[in-house]
Amino acid sequence: MKKFLDNKLFRYLSVLLFLNSSSLPVKSSSALAAWEIKTNGVLELRTKSNTNLKAYFQKANQISGDRFWIDFPGELKNPRTIKGNGPINEIRLGKPNKGKTRLVIEFKKETYLKPLTWRLVGLDQNRWRIKLFAPKYTFKKIGEGQVVKRIVNIKENQKSIYKKKNNFQYLKLPDVKQNQFLVIIDPGHGGPDPGAIGIGGIRETDVVLEVSKIVKNLLSKKGVKVSLTRTNDVDLDLHPRVSIANNTDADIFVSIHANASRGKRRDINGLETFYYRGWRGRLLAKRIQKQILRVSPGSPDRGVKQGRFYVIKNTRMPAVLVEIGFLTGRLDARRLEKITHRKRLAYAIAKGILEYLNKVG
Ligand SMILES: [Zn+2]
């Protein structure tokens, strides 16, 4: 019986020792992985996951200016001082005592700070931010390491590119002469002809109609007159599409389509733009192709090509047919499902059109 108890006690002890040693900070390296003070006065940090941080502020005294510091568990290898600029005098990374890391930001004496409003906010399990000063100070960013860790995974990487490009500034579209231009936008297919059917049943007719309507809106805001050959899911033959255009004095004709590959191969993705003839058609195609590629990172550039499609062959004005991606392709389809991507494509097409009108019109 005695022996049993001893054994049990020993087991507990070893567990305790193990737990203890794993949380002993002396042996672990600094939990601070990267930091950056951005031009808008925000300090961002990346730490090890689930780190406890402690932040402090001290008013200026005779020796130094206002100081803000954060203590991190884990020992810093190389204490160092980094010269500041703008409102920041210097940044010091040190070990206040064994097993700790301290990041000190010392401000210049005249800096106006409101530490009572400061809040250290956890963005996720290893990222933090705190706003230290107003962007009224001219300041060049200072930092070490990458606060936002680059994600190697291609899918994730593309998502982050998306996010950046998602903040469209519609106003940034180029200006053109008001009420000077008429553009015909032709959403492909419709009615009993859904066009390509892609992964998950996504239909070309729906995708291109939505994109076309957004293009119309964007161009209208820029003072360009726009006619759509169809505004809902109706059956419209190719011939009337052409006559709608030819009966006006439209400057250009843009037909919008999405692709499907033979055998519905999921590995085939990409964007392409066709014109039938003439340098104007080619220029328009090039401008649009360039812009749609920019909002479709990773999707192959299948190029600007000559094509004999009925709608671009028989229209009198410079005409192009844009293929905004493969509904049967894994990469393109996943994007084309999303309204955000459709908006991006519409923005890109509108931009290409406006650039063309500026140059040629
Ligand atoms: Zn089509």
Checklist outcome for this item: Within the stretch 203-225, the residues that are within 16 Å of the ligand (Cβ to nearest atom) and either basic (Lys, Arg) or more than 18 Å from Val295 (Cβ to Cβ) (or both) are Arg203, Glu204, Thr205, Asp206, Leu209
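Taking the stretch 150-198 on its own, how many of its residues are more than 16 Å from the ligand (Cβ to nearest atom) and either among the hydrophobic types (A, V, I, L, M, F, W, C) or modelled with pLDDT of 90 or more (or both)? Full working, then the answer.
Initial filter on the stretch 150-198 (more than 16 Å from the ligand (Cβ to nearest atom)): 150-184.
Checking which are either among the hydrophobic types (A, V, I, L, M, F, W, C) or modelled with pLDDT of 90 or more (or both) leaves us with 151-152, 154, 161, 168, 171, 173-184.
Here the count works out to 18.
Any residue at all in the stretch 181-189 that's over 20 Å from Pro318 (Cβ atoms) and either touching a residue at least 24 places away in the same chain (Cβ under 8 Å) or of a type outside the set (S, T, N, Q) (or both)? Break it down into steps so the answer makes sense when it comes.
Keep residues of the stretch 181-189 that are over 20 Å from Pro318 (Cβ atoms), which gives 189.
Now drop any that are not either touching a residue at least 24 places away in the same chain (Cβ under 8 Å) or of a type outside the set (S, T, N, Q) (or both), which leaves 189.
So far as the stretch 181-189 goes, yes, one or more of its residues are over 20 Å from Pro318 (Cβ atoms) and either touching a residue at least 24 places away in the same chain (Cβ under 8 Å) or of a type outside the set (S, T, N, Q) (or both).
Out of all the residues in the stretch 102-120, is one or more part of a strand (DSSP E or B), farther than 14 Å from Leu43 by Cα and modelled with pLDDT of 85 or more?
There is at least one residue in the stretch 102-120 that is part of a strand (DSSP E or B), farther than 14 Å from Leu43 by Cα and modelled with pLDDT of 85 or more.
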Next on the checklist: Condition first: within 16 Å of the ligand (Cβ to nearest atom), in the same structural domain as Lys213 (by TED's automatic domain parsing), assigned to a helix (DSSP H, G or I) and in contact (Cβ under 8 Å) with a residue 24 or more places away in the chain. Can you find one or more residues in the stretch 241-249 that meet it?
Outcome noted: yes
Checklist entry - Quick check: anything in the stretch 277-285 in the same structural domain as Ser212 (by TED's automatic domain parsing), within 16 Å of the ligand (Cβ to nearest atom) and surrounded by fewer than 22 Cβ atoms within 10 Å (Cβ to Cβ)? => result no
Next on the checklist: For the stretch 173-197, which positions are at positive phi and not in a loop (DSSP other than H, G, I, E, B)?
Outcome noted: Gly190
Checklist entry - Is it the case that the stretch 255-262 has a residue that's within 16 Å of the ligand (Cβ to nearest atom), of a type in the set (Ser, Thr, Tyr) and farther than 23 Å from Leu173 by Cβ? => result yes
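Go through the residues of the stretch 296-303 one by one and say whether even a single one is within 16 Å of the ligand (Cβ to nearest atom), touching a residue at least 12 places away in the same chain (Cβ under 8 Å) and either basic (Lys, Arg) or at negative phi (or both).
Yes: one or more hits.
Every residue in the stretch 263-273 that is charged (D, E, K, R) and either within 14 Å of the ligand (Cβ to nearest atom) or not in a helix (DSSP H, G or I) (or both), please.
So the first thing to find is which residues in the stretch 263-273 are charged (D, E, K, R), and the list is 264-267, 272.
Once the filter is applied, which keeps residues that are charged (D, E, K, R) and either within 14 Å of the ligand (Cβ to nearest atom) or not in a helix (DSSP H, G or I) (or both), the stretch 263-273 yields Arg265, Arg266, Asp267, Glu272.
The values are calculated or read from the model by the stated rules, or taken from the named source; none is laboratory data. Values in this document were obtained by computation on a predicted structure and should not be read as measured data. Note that each Cβ is placed from the backbone with ideal geometry, even for glycine, and that neighbours are counted across all protein chains shown.
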